[in-house]
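Contents: one structure, followed by commentary.
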Amino acid sequence: MIDVLYFAWVRERIGLPKERVETSASTVADLVAELSAREERYAAAFADISALRVALDQELSSFDAPLAGVREVAFFPPMTGG
Amino acid sequence: MSVRVQPEPFDAGAELTAFSAIASGAGAIVSFTGVVRDTEARLSAMEIEHYPGMTESAIAKIVAEARDRWSLTEAMVIHRHGRLAVAEPIMMVATASPHRADAFAAAEFLMDYLKSRAPFWKKEIAADGASWVAAKDEDEDALARWQP
């Protein structure tokens, strides 16, 4: 099981901030493919992953990163702090 | 070194006074305050979402890197989240150093990294609807100049 978090418009498009996901995905990209296959709202949120960023256990990472040992994955748009 | 992520408003003048007291003897203190901008007078508010946990660790990492690169005796970052009114302070950075150039450079570095490497997302609330602020290419470009 892995905790998957969504922020900003990704959260709004998917309709929830966080969920636990049972997955055997080996990379972030595999997880994205699994989620996108679930329902249209996921497919819409993940339609263009170049517009998204991902963090693994609260560290910025990349979509080809492995998920082995990861407890928390977060998807969000590019950050706009400051 | 102090990092605060908070929904409450803060008084930038009072914060700078307190920071200056802690950093007494440094020689140079630089501060920057970002406020909710509304140059076209169309916003009713700004909402800032963040990633609790990652926000604090990402900012701490940025501050640690600034300390590695410049001679800093103190540094402070305050960043708000939640609903903010127009013209309210969003965030503040302050740096103290024996050298003016270091204090300026470190403050600018902190600003550039907070903009696109700390997990905050701004949403503009206007009378005709709400929209997420898009990241700008120039924000990413601003980071390039800090690469060795």
query = Can you tell me which residues in region A:30-47 are open to solvent by 70 Å² or more (accessible area, probe 1.4 Å) and in contact (Cβ under 8 Å) with a residue 24 or more places away in the chain?
reply = A:R41
inquiry  = Residues that are on the phi < 0 side of the Ramachandran plot, open to solvent by 30 Å² or more (accessible area, probe 1.4 Å), of a type in the set (S, T, Y) and outside any strand (DSSP E or B): does region A:69-82 have at least one?
reply    = no
request  = Examine region B:55-77 for a residue that is in contact with an Asp or Glu (Cβ under 7 Å, 6 or more places away or on another chain), within 11 Å of another protein chain (Cβ to nearest Cβ) and closer than 28 Å to A:Y6 by Cα, and state whether such a residue exists.
outcome  = no
remark   = Quick count over region B:110-132, residues being within 12 Å of chain A (Cβ to nearest Cβ), touching a residue at least 40 places away in the same chain (Cβ under 8 Å) and either loosely packed, with under 15 Cβ neighbours inside 10 Å or in a helix (DSSP H, G or I) (or both), is 6
note = Out of (1) in a loop (DSSP other than H, G, I, E, B); (2) within 12 Å of chain A (Cβ to nearest Cβ); (3) open to solvent by 60 Å² or more (accessible area, probe 1.4 Å), the one B:A135 does not meet is (3)
request  = Give just the number: which of (1) under 29 Å from B:G82 (Cβ atoms); (2) open to solvent by 20 Å² or more (accessible area, probe 1.4 Å); (3) touching a strand residue (DSSP E or B) at 6+ places or on another chain (Cβ under 7 Å); (4) without any contact (Cβ under 8 Å) to a residue 24 or more places away in the chain does A:E12 not satisfy?
outcome  = (3)
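The values are calculated or read from the model by the stated rules, or taken from the named source; none is laboratory data. Just so we're clear, the structure is a prediction, and the values are computed from it rather than from any experiment. For neighbour counting, all protein chains shown are included, and Cβ atoms are generated from backbone atoms with ideal geometry for every residue, glycine included. The accessibility values were calculated without ligands, DNA or RNA, using every heavy atom of the protein model including side chains. Shrake-Rupley method; radii C 1.70, N 1.55, O 1.52, S 1.80 Å.
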